[in-house]
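See structure below.
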Amino acid sequence: MTSLAALTARTPNLPCRLDPDLFFSDNARDRAAAVRACRGCPLLEPCAAVAIETREPWGVWGGTTAADRRGFRDGRAWRFDGAGRLRQKCGSVSAYHAHFAYREQPCGECTAAWEARLEADRRARLEAEHATGGTTRGYGVHRLLGEPACERCREAVKRQSAATRRERAQRGLHGARGASATSRPVRATPGRETAVQSLAIAS
Ligand code: SF4
Ligand SMILES: [Zn+2]
Ligand SMILES: [Zn+2]
């Protein structure tokens, strides 16, 4: 990899050579001016590439500050966006989220990466549900994946529906019993009360 010194030595009249103090200033305004000066430089991209790759800790290089470059120490692919900002390259889930941080709609490449991750997560969830036999949650995941549910998940839903129906029926039954005992006045003759309750249970 070429060094920054070697890269810049071959090109005359570079802004960073004409006014080096600006590029190594501690002042934020100076740094911003240096970044702007880089944007018109023919070495912008290779200069940024060398500074990021060699983890240059000082100064403005290739339109990036030391703080900008620190975010790319992990070797992530980078790019300059339309406003000249150093950004991670599109096509990943983190780049997808970064679009929102910059208040912009995710691009198609990042959306595709995010959708692929989402589908992989759902497939993993489905596998876990299938490992315990079909489940109602698995049924929901099949639906989210836009595919028909498998037999085992459909059976799980049927079992749950049947259980819910039974439970409701029992609740209704008890409700009817409660209502018959409280809302319908019954004469205080033991034989009569017993007859009404028997009728409610039979229905
Ligand atoms: S991009 Fe900036 S730091 Fe790099 S050579 Fe050009 S002026 Fe100098
Ligand atoms: Zn993108
Ligand atoms: Zn299933």
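Brief remarks on what is shown
- Among the residues of segment 89-116, the one identified as more than 9 Å from ligand 2 (Cβ to nearest atom) and crowded, with 16+ Cβ neighbours inside 10 Å is Trp114.
- Some residue of segment 61-76 being polar (S, T, N, Q), modelled with pLDDT of 95 or more and in a loop (DSSP other than H, G, I, E, B): yes
- Pairing residues of segment 1-27 that are under 17 Å from Gly40 (Cβ atoms) with residues that are among the β-branched types (Val, Ile, Thr), at Cβ distances under 6 Å and at least 6 apart in sequence or on separate chains, gives Leu7/Val50; Leu14/Thr8; Phe23/Val60.
- Among (1) in contact with a helix residue (DSSP H, G or I) (Cβ under 9 Å, 6 or more places away or on another chain); (2) loosely packed, with under 13 Cβ neighbours inside 10 Å - the single one Gly84 does not satisfy: (2)
- Set side by side, the residues Ala95, Ala83 differ, and just one is part of a helix (DSSP H, G or I) and either among the hydrophobic types (A, V, I, L, M, F, W, C) or modelled with pLDDT under 95 (or both), which is Ala95.
- Residue within segment 89-109 that is within 16 Å of ligand 1 (Cβ to nearest atom) and either under 28 Å from Cys38 (Cα atoms) or hydroxyl-bearing (Ser, Thr, Tyr) (or both) present: no
- Residue in segment 9-21 that is in contact with a Pro (Cβ under 9 Å, 6 or more places away or on another chain), closer than 20 Å to Phe80 by Cβ, in a helix (DSSP H, G or I) and more than 16 Å from ligand 2 (Cβ to nearest atom) present: no
- Checked across segment 23-39, the condition of being over 36 Å from the mean Cα position of the chain (by Cα) and either near ligand 1 (Cβ under 10 Å from one of its atoms) or closer than 26 Å to Gln105 by Cα (or both) holds for at least one residue.
The values are calculated or read from the model by the stated rules, or taken from the named source; none is laboratory data. In this text, all values refer to a predicted model and were calculated from it rather than measured experimentally. Every residue, glycine among them, receives a Cβ derived from its backbone with ideal geometry; neighbour counts consider all protein chains shown.
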